[in-house]
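Asker: I'd like to ask you about the structure that follows.
The values are calculated or read from the model by the stated rules, or taken from the named source; none is laboratory data. Bear in mind that the values here come from a model prediction, so they are computed numbers and not experimental data. Cβ coordinates were reconstructed from backbone atoms using ideal geometry, including for glycine residues, and neighbour counts include every protein chain displayed.
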Amino acid sequence: MANLAKSYLASVIVAVVGFLFVFTYYFQAQPLNDWSQTLAQIISLTSLFAVLPGAFLMLRREASILTERGPNWDRSIITLVSFIIFLISGLTGLNSPIYLWLYNNVFVILSTAIFSLLAFYIMSAGYRTFRARSWEATVLLVVGLLTILGVVPFGASIWSGFPTITDWILKYPSTGTSRGITIGIALGTAGVIVRTIAGQGRLGRFIKGEE
């Protein structure tokens with residue numbers, strides 16, 4: 001009985017807070033707006049504390065792999081050393097010369113290198129996608145080629161009409177399709193939120209102990 005009361009209490013708290021945020025988003029009502037802003041700040045501070053157990057679990061996992069000489073244990077050394085160095089440099093201040101040097105000369109460079117590697121995966125996916133196996137793939141291939149030729153300077157040197165066609169594709173078919181996808185995502189998100197607030201979604205069943 002006590003567990004049942006606790007589960008429904010959690011569902012009631014989720015529903016009340018959810019409806020409060022939804023109501024104050026569309027309507028201006030005092031002091032509900034002040035309450036929602038205070039709750040938003042509390043949630044932001046609470047989410048920051050979630051970093052601490054996450055960092056602890058990551059350190060414990062990497063230390064366990066290192067001590068047990070698990071698979072790729074040498075990478076655990078790099079992870080632990082990098083974490084400790086960035087943590088110590090961050091404690092000295094985000095504007096300290098040490099932190100800025102590490103951020104600009106290590107983190108940014110590595111992020112750029114990883115991002116540049118994505119180009120090869122994109123090329124591989126494009127090669128597999130742009131093969132006219134059906135009429136849908138043929139349309140995708142033609143539109144993709146027209147878009148590429150209209151963007152790069154080489155296409156404009158071949159024919160001056162490629163940029164105009166690309167602008168039309170990006171302005172009308174692409175914009176309409178992306179807006180339709182965005183509306184569908186928004187409706188799906190709204191449905192999930194309503195089910196969660198009502199306690200009918202997976203989160204609500206998890207809170208009640210049904211999953």
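Asker: Can you name every residue in region 82-96 that is of a type in the set (A, V, I, L, M) and assigned to a loop (DSSP other than H, G, I, E, B)? Walk me through it before giving the result.
Answerer: Restricting attention to region 82-96, the residues satisfying the condition of being of a type in the set (A, V, I, L, M) are 84-85, 87-88, 91, 94.
Residue satisfying the conditions is Leu94 alone.
Asker: May I pose another question? Restricting attention to region 125-161, which residues are hydroxyl-bearing (Ser, Thr, Tyr), part of a helix (DSSP H, G or I) and closer than 21 Å to Tyr172 by Cα? Break it down stepwise before answering.
Answerer: Looking only at region 125-161, we keep the residues that are hydroxyl-bearing (Ser, Thr, Tyr), and these are 127, 129, 134, 138, 147, 157, 160.
Narrowing the set further to residues that are part of a helix (DSSP H, G or I) leaves 127, 129, 138, 147, 157.
Those that are hydroxyl-bearing (Ser, Thr, Tyr), part of a helix (DSSP H, G or I) and closer than 21 Å to Tyr172 by Cα: Thr138, Thr147.
Asker: A further question follows. Search region 92-103 for residues that are without any contact (Cβ under 8 Å) to a residue 60 or more places away in the chain and under 16 Å from Ser82 (Cβ atoms) and pair each with any residue that is surrounded by 11 or more Cβ atoms within 10 Å (Cβ to Cβ) and small (Gly, Ala, Ser) when their beta-carbon atoms are under 8 Å apart and the residues are at least 6 apart or on different chains.
Answerer: Hits for this filter: Ile98/Ser89; Tyr99/Ser89; Tyr99/Gly90; Tyr99/Gly93; Leu102/Ser89.
Asker: Still on this structure, please answer the following. Identify the single condition in (1) within 30 Å of Ile88 (Cβ to Cβ); (2) exposed (fewer than 10 other Cβ atoms within 10 Å of the Cβ) that Ala119 does not satisfy, given that it satisfies every other one.
Answerer: (1)
Asker: Return yes or no: is Thr79 hydroxyl-bearing (Ser, Thr, Tyr), part of a helix (DSSP H, G or I), surrounded by 11 or more Cβ atoms within 10 Å (Cβ to Cβ) and at pLDDT below 85?
Answerer: Working: hydroxyl-bearing (Ser, Thr, Tyr): yes; part of a helix (DSSP H, G or I): yes; surrounded by 11 or more Cβ atoms within 10 Å (Cβ to Cβ): yes; at pLDDT below 85: no.
So Thr79 does not fit the description; no.
Asker: With respect to Ala156, determine if the residue is modelled with pLDDT under 90, surrounded by 13 or more Cβ atoms within 10 Å (Cβ to Cβ), among the small types (Gly, Ala, Ser) and within 17 Å of Gly144 (Cα to Cα).
Answerer: yes
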